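The values are calculated or read from the model by the stated rules, or taken from the named source; none is laboratory data. Bear in mind that the values here come from a model prediction, so they are computed numbers and not experimental data. A quick note on method: Cβ atoms are made from the backbone with ideal geometry, for glycine too, and the neighbour counts reach across all protein chains shown. The accessibility values were calculated without ligands, DNA or RNA, using every heavy atom of the protein model including side chains. Shrake-Rupley method; radii C 1.70, N 1.55, O 1.52, S 1.80 Å.
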Amino acid sequence: MKEKSQQNTKVLIVGSGAAGLSAAIYTARAELEPVVLTGPTLGGQITLTADVENYPGVPDRISGTELIMRFVDQAEKFGAKIDYAAAESIDFSRRPFVVETDSKVYHAENLILATGSKAVALDVPGEKELTGAGVSYCATCDGAFFRGKKVAVVGGGTSAVEEAIFLTRFVEKVTIIHRRDQLRADAAAQKAAKSNPKIEFLWDTVVSEVIGEDFVEALRVKNVKSGAEKVIPFEGVFVFIGHRPVSNLYEGKLTLENGQIPVDLHMRTEVPGVYAAGETVDGEYRQLIVSAAQGAQAALTLIKDLA
Ligand SMILES: Cc1cc2nc3c(=O)[nH]c(=O)nc-3n(C[C@H](O)[C@H](O)[C@H](O)COP(=O)(O)OP(=O)(O)OC[C@H]3O[C@@H](n4cnc5c(N)ncnc54)[C@H](O)[C@@H]3O)c2cc1C
């Protein structure tokens, strides 16, 4: 087996979403020569959406990838280095902290943890087997494959409703399946969905099985009030029922609360020299600007602590 190369760094940023990249811009401008580990997705979750129109200063509709690549360019312009690798383990017990990827061992004087969050699965029979075969967690990525078809969207929050609206560009009909009798989505999204002739709603309903041989053919659903079950034909299902912090790297090493890393008001974790930002810390708002702001805060606190 090839020996891993060793690299010292003043700042290692784990994660390349809005939080990690903002932290990279700030620490790079402070001449701390940060290295960013991208993890599985350079740019993070925002790369999953075709349209962003609420990021301040960017009034015209822009794709998530295009917007986040501006963060990448800006970070690189000030000297941040991007390493297309994932952290496989972190040793927080000694400083410099030791972070291993598949090909390198980093010795980092300071760490900024920004591994974000990921979609929650329904956890029902058939879902895993048919993921990528009609079960999707990303309308932007997969919507076009369902042209002219009838699909379900599971969830009632803003993401679910916005993604349902997006799907109407391609599909014949979208049924939003929600376990309550009203949506949690913001008012603008609700209004747009309710006035869209391609969208209908199935209230008080949960999915209990995804049915299909090689591809999704139907969903078994259950009314949570009456308990009645039925099978409804669908050719695809998009699941948007929430997100969970990506924190497997920290389990047993840092204190976690519901999978999230607790931080003080300035994004310091319990370990001196380790900061955290973005949806690994707080998934309440799930907005680019919030993660970006926390990344900047973590970086500025780190810079202050060094001084
Ligand atoms: C479909 C969709 C549409 C959205 N639309 C909008 C919108 O219009 N406006 C808006 O403001 N927000 C939107 N959001 C929310 C926005 O994308 C998030 O708030 C934002 O991406 C969170 O950034 P983050 O940096 O905290 O985490 P993430 O974006 O989750 O980034 C986490 C990063 O950590 C990396 N990582 C994970 N594990 C490891 C590892 N072991 N080692 C190294 N790196 C690792 C990942 O590769 C990724 O780069 C949307 C989200 C989705 C899913």
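Can you name the residue in the range 20-41 that is near the ligand (Cβ under 6 Å from one of its atoms) and surrounded by fewer than 21 Cβ atoms within 10 Å (Cβ to Cβ) and is also farthest from residue 291 (Cα to Cα) among such residues?
40
Considering only the range 226-256, state which residues are within 16 Å of residue 155 (Cα to Cα), among the aliphatic types (A, V, I, L, M) and open to solvent by 40 Å² or more (accessible area, probe 1.4 Å).
Once the filter is applied, which keeps residues that are within 16 Å of residue 155 (Cα to Cα), among the aliphatic types (A, V, I, L, M) and open to solvent by 40 Å² or more (accessible area, probe 1.4 Å), the range 226-256 yields only 241.
Quick check: is even one residue across the range 74-81 open to solvent by 40 Å² or more (accessible area, probe 1.4 Å) and touching a strand residue (DSSP E or B) at 6+ places or on another chain (Cβ under 6 Å)?
Within the range 74-81 (the criterion being open to solvent by 40 Å² or more (accessible area, probe 1.4 Å) and touching a strand residue (DSSP E or B) at 6+ places or on another chain (Cβ under 6 Å)), the answer is yes, since at least one residue qualifies.
Report, ordered by the first and then the second residue, all pairs with beta carbons closer than 7 Å, sequence separation of six or more or different chains, a first member in the range 108-132 that is assigned to a loop (DSSP other than H, G, I, E, B), and a second member that is away from the ligand (no atom under 16 Å from the Cβ) and charged (D, E, K, R).
121/127; 124/209; 125/209; 126/209
Looking at (1) in a loop (DSSP other than H, G, I, E, B); (2) surrounded by fewer than 22 Cβ atoms within 10 Å (Cβ to Cβ); (3) within 14 Å of the ligand (Cβ to nearest atom), which is the only condition residue 2 fails?
Every listed condition holds for residue 2 apart from (3).
Kindly evaluate residue 39 against the criterion of being farther than 27 Å from residue 244 by Cα, assigned to a loop (DSSP other than H, G, I, E, B) and of a type outside the set (Lys, Arg).
So residue 39 fails the test.
Keeping to the range 242-266, report how many residues are among the β-branched types (Val, Ile, Thr) and either within 12 Å of the ligand (Cβ to nearest atom) or in the same structural domain as residue 145 (by TED's automatic domain parsing) (or both).
Counting residues in the range 242-266 that are among the β-branched types (Val, Ile, Thr) and either within 12 Å of the ligand (Cβ to nearest atom) or in the same structural domain as residue 145 (by TED's automatic domain parsing) (or both) gives 2.
Of all residues in the range 55-70 being within 21 Å of residue 168 (Cα to Cα) and of a type outside the set (D, E, K, R), which is most open to solvent (accessible area, probe 1.4 Å)?
That would be 63.
In the range 205-225, which residues are surrounded by fewer than 16 Cβ atoms within 10 Å (Cβ to Cβ) and among the charged types (D, E, K, R)?
Matches in the range 205-225: 213, 214, 225.
Taking the range 97-149, which residues are more than 14 Å from the ligand (Cβ to nearest atom), buried (at least 16 other Cβ atoms within 10 Å of the Cβ) and among the small types (Gly, Ala, Ser)?
126, 134
Of the residues that sit in the range 275-291 and are more than 15 Å from residue 246 (Cα to Cα) and buried (at least 24 other Cβ atoms within 10 Å of the Cβ), which one is nearest to the ligand (Cβ to nearest atom)?
Among them, the one singled out is 288.
Within the range 159-196, restricting attention to residues that are hydroxyl-bearing (Ser, Thr, Tyr) and part of a loop (DSSP other than H, G, I, E, B), which residue is nearest to residue 146 (Cα to Cα)?
168
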